[in-house]
Every structure is written in C-alpha cells, then in structure tokens.
Amino acid sequence: MSVAPWGRLRHGFADRLGRLSASAVLSVKGWIRYSDIDSHLSYPSFWMFLSSFTSTVSSSSSSSPVGRFLVLQFQSFNSVAMALVLHAPASNKNALKALVAAEYVGVKLELAPSFQMGVTNKSPEFLNLNPLGKVPALETPEGPICESNAIARYVARLKDVGLFGTSTFEEAQIDQWCDFSSMEIYTGVARWGYPRFGMGVYNPEVEQMAILASKRAFECLNKHLAARTFVVGHSVTIADIILTCNLLFPFEQVLTKEFTASYPHVERYFWTMVNQPSFKKVVGKIIQTDGPLPPPPSKGEAQAPVPAQVHPQPHGRHTHKEKVPKQKEMPKPAEAPKPVEAPKPVENDDEEEAPVKKSKNPLDFLPPSPMVMDNWKRLYSNTKAKDFHLAISGFWEMYDPEGYSLWFCDYKHNDENQVTFVTMNKVGGFLQRMDFIRKYAFSKMCILGESSPYSIKGVWLFRGTEIPQMVKDECYDVELYDWTKVDITQEDQKALVNAYFEEPDEIQGMKLLETKCFK
C-alpha cells in the first residue's frame, strides 16, 4: 500500500464518523484483527495514520458511540503494535522509571542491546535521539522522547490503568510529587553523595548544606505520608513510581538505617513500593546500605567513581547483561622466566552448565520436630470460622515448644493509626514483606478498636525457639513492633493465643475490626 491511501483513509474516517453504522464497526474490527497489517508497519504514513486518527476524530466523535469505539480500537492497537526501544543501561535509575511503568500498564518496552555508557550515548545514532547525549532516550515510531520523567509519563499513558489519578486536581498533585522527588529528594542526596564517590568536587560546606536540604525534604515527605499509603490517592500512580526510583540510589548507596529511622513513614512507603510485584520484577531485591560513605578524597587525589549497581533482572526480564571487562593480572617477577603454558581445551563445551544447588535455609538444619507446620496450616485452613475452637485444640496437641515458638507482637506507633484503610495497608505490607519466611511461619494479625487510633496486634508461630535471624535482617517492619515470647505455662497468655486464632468479637477489651492470616 502506498502513502496516499493511508492519508485518504484517515480523512475518510474523520468525515464520515458520525454516520457509521454497526456493520461498519464490525468491518473495522475485522480489518484490525484479520488484515495483513504486518506488511504495512514499515510505512511512515501508516504510523501517521494511527497516531493522528484518534486526535483527529476524538473531539468530533464524542457524541457518537461508534466513534468512541473506533477511537478505543485504534488506541489499543497503536499501543500494542508499536515498538518502543529504551536506550539506556538496564541498571540506570532513570531508565527504571519507564521500565516499572511499562510493567504496570502491560506494555512491552525493549532495552537497546549492548548499550555502554560513555560509548553508545556518544555515537551519532544516539545523538540523533538526544543531542545532549543524556540517557535515557525512548525511541518511538513517532520520534524520540528524552527526559526520564517525560518518558515514564508517556509509557504510563499508553493504557489507562489509573496511574494519573481520578481527577484534574489529582493529576496536578501527581505532577507536583514527580517534580518534588526529582528536585528535592534526589538532588539533595546526590549533592551529598556524589562527591564522596568521586563524581564531583568535594566541599564540606556544600555537603552540610546538602544534608540539611535532604533532611528538610525527607521531613516534608514523612509528614505527607503519615496518614497515606501512596503519595496521591488510594492506589499506585506514576508519582509513586518516579519517587520510588528516585529513592533507590539514596537507600542503596547513601542513607543508612541510622538516618532513615527518623522518617518511619518514608521507610514504610519505600519498602512497600519496592516489594510491589511490578516493581520487584524490574529492580529485584533491594538492600539498604549499612556502611558509612567513603571518606572524601584527599586534596589533589582522584577517587574512582562508584560502579553502577546492576539490579537483578529476574526471570529473564531483560536478556541483555552488561559485560565488565576483566582486568588482566600483572605477572609477578620471577627469578627464572617460565614458558607460558597454552590454555587447555575446554571439554564438553556444548554441554549445559551444571545447575547451581540452592543453599538450604538455616532453619532446615534445626533438630527434627514432631510438629509439621503444613499440617497445622492445612487444619486451620480447612476449618470453618465457627469451628475454630476445634482447630485450636488440634494445635495444642501438635505444638512442640522445643522445635517452635510463639510470639506476641504489638505495633509501637499505634497512635498514628488514624485511618482504617491506611492501618490495614500497614499490616498487608508487613505480611507481604514476610513472604520469604512463609514456609517456616504462621500468623494472625488483628486490627483492634472501635474508633481511631486503632491498635495492631498479633501472634506469630516461628520454626525454632527464637525469632529467626533472617526475619530480623530482611524485614524492616520487625523493628516497628514490640515482641514478647509466649509462655505457654501461663494460662492467660495461652488464652490470648486462642483468641487471636479464634477471632472473637473482642480481644483484650477492644473490638476486633479486621484480621489477616499469614499461612
């Protein structure tokens, strides 16, 4: 098909849209589904038709059901069919914004293969995308897009999944927090951390100003998140995606637990976000830095830049892996030079590499116990709520205090629990982040109180006689609770365990509002 028919087709739709019949809708739907459209993807006019069709007819067809249908059809086809290529390293923080947004909207976003910072972004091909040579750059059929926030917004708009709020006001708030996270959060920490890593001139006065600016920004964000799960509205928006990506470098490289402990709502928010499935699929496991920043370089001494951290890419999300050239070892001086042996031929080169055995969990090395966790979970799950007392009797029959332990937990900051859904989200996020211990733990978490502030309390069953060390190391939320080991010789404590399992109307004189079971 030539260029001209696409143009005539577009104008023909625009002129006759109001008079289209149902049969015309079926015809267009069939054309989209069955035509040999692949043969036309290389025509620029085809993409011009798709991109301009919806903008040409959207206003004129607002009152026409047929027009609205066609707009949706072509918007859907356009977003799925067009190829989007992101030019940036997979570990680039700014590239992650678009990659995470693509996961949320369900759009395929390809990473340019063999991208090397300092090489690829200086090539003529890349400079055609962004003359400044900055990454990332998004290549679309309509042309390139630069600036990471703009790229993330573009990707997030390809499908309407609620990433831009529910009103014009919320959309403006989303823009506000996108700018805040880039200009206040990230900029302050970057001015603080970059010089320490040799990526800038170190000046102690500038560093102190950057630390103060970072504290002001975190105080502002912490106050805003005190009664919120997300920065805008009641679900994830593009503002959350951009803000969380801007927090990755601070948490992984600069801000230790000692600093972030002063901002518990920011901590809760960050760990909730990075453990969302769409986030985790892209960024993998995040570990907060536990060491101080490197000392500032001495005067006149150059310090090597910090190596870019490569985030794990689970399940083959991105097939390209950056290769770091190995440094050749300098030969040691020897009294008598020895001839260099030729490398031995590699045998069975075509064979697959032997699979790496997964290391066992330390809890697997504990002495055997007559109690089997799965048996208890199965018993509790298969028991109806009205018969929980029967399951509880079975629990005490199988409970082994030498192989397992029970722990009460009580949230330290219950005075903050002013909003019901935010309180529920705290518990949900906690249990989500405890998923790694699911095989060795069981819990009933309860939200108590007839009115705010609500109390979060619960009971946990762990394999072993103490709270597993991995739980303390891996799950930040553990520090937000007071933990008390259950003494089963005390009848009142045993009765409280029964109450958590049985879900009565009141526990410890407080109305039972909501329960969540971890099993």
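Looking only at region 347-380, residues that are loosely packed, with under 11 Cβ neighbours inside 10 Å, modelled with pLDDT under 90 and either closer than 19 Å to Lys444 by Cβ or not hydrophobic (A, V, I, L, M, F, W, C) (or both) come to 13 in all.
Checked against (1) more than 25 Å from the chain's Cα centre (by Cα); (2) assigned to a loop (DSSP other than H, G, I, E, B); (3) without any contact (Cβ under 8 Å) to a residue 60 or more places away in the chain, Met199 passes all but a single condition, namely (3). Scan region 249-263 residue by residue and report those that are open to solvent by less than 10 Å² (accessible area, probe 1.4 Å) and out of contact with any Ser or Thr (no Cβ under 9 Å at 6 or more places or on another chain). Thr260, the sole residue that qualifies. Restricting region 437-478 to residues that are free of Cβ contacts under 8 Å to residues at least 12 places away in the same chain and not charged (D, E, K, R) leaves a set whose member that is nearest to Asn498 (Cα to Cα) is Val478. Within region 196-217, the set of residues being within 23 Å of Thr260 (Cβ to Cβ) and of a type in the set (Val, Ile, Thr) comprises Val206, Ile211. I'd like the full set of residues that are more than 18 Å from Tyr500 (Cα to Cα) and touching an Asp or Glu at 6+ places or on another chain (Cβ under 8 Å), limited to region 424-436. Once the filter is applied, which keeps residues that are more than 18 Å from Tyr500 (Cα to Cα) and touching an Asp or Glu at 6+ places or on another chain (Cβ under 8 Å), region 424-436 yields Gly429, Arg433, Met434, Phe436.
The condition of being within 19 Å of Pro144 (Cα to Cα), modelled with pLDDT of 90 or more and in contact with a His (Cβ under 6 Å, 6 or more places away or on another chain) holds for only one of Leu86, Leu96, Leu111, that being Leu111.
Here's the yes/no breakdown for (1) touching a residue at least 24 places away in the same chain (Cβ under 8 Å); (2) among the β-branched types (Val, Ile, Thr); (3) surrounded by fewer than 24 Cβ atoms within 10 Å (Cβ to Cβ):
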residue	(1), (2), (3)
Ile211	no, yes, yes
Leu221	yes, no, yes
Val232	yes, yes, no
Val236	yes, yes, yes
Ala239	yes, no, no
Thr244	yes, yes, no
Leu247	yes, no, no
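Figure legend. Inter-residue proximity from region 379-390: first residues aromatic (Phe, Trp, Tyr), second residues modelled with pLDDT of 85 or more, beta-carbon distance below 6 Å, spacing 6+ or different chains. Indicated pairs: Tyr380/Ala391; Phe388/Glu502. Among the residues in region 299-312, are any assigned to a loop (DSSP other than H, G, I, E, B), at pLDDT below 55 and under 22 Å from Leu163 (Cβ atoms)? There is at least one residue in region 299-312 that is assigned to a loop (DSSP other than H, G, I, E, B), at pLDDT below 55 and under 22 Å from Leu163 (Cβ atoms).
The combined condition, being at pLDDT below 90 and under 24 Å from the mean Cα position of the chain (by Cα), is not fulfilled by Pro136. Within region 199-207, can one find any residue that is modelled with pLDDT of 90 or more and out of contact with any Phe, Trp or Tyr (no Cβ under 8 Å at 6 or more places or on another chain)? There is no residue in region 199-207 that is modelled with pLDDT of 90 or more and out of contact with any Phe, Trp or Tyr (no Cβ under 8 Å at 6 or more places or on another chain).
The values are calculated or read from the model by the stated rules, or taken from the named source; none is laboratory data. Since the structure is predicted, the reported quantities are computational estimates derived from the model, not experimental observations. Because the Cβ atoms are built from the backbone with ideal geometry, glycine has one as well, and the counts that use them run over all protein chains shown. Accessible surface areas use protein heavy atoms only, side chains included; no ligands, DNA or RNA. Shrake-Rupley method; radii C 1.70, N 1.55, O 1.52, S 1.80 Å.
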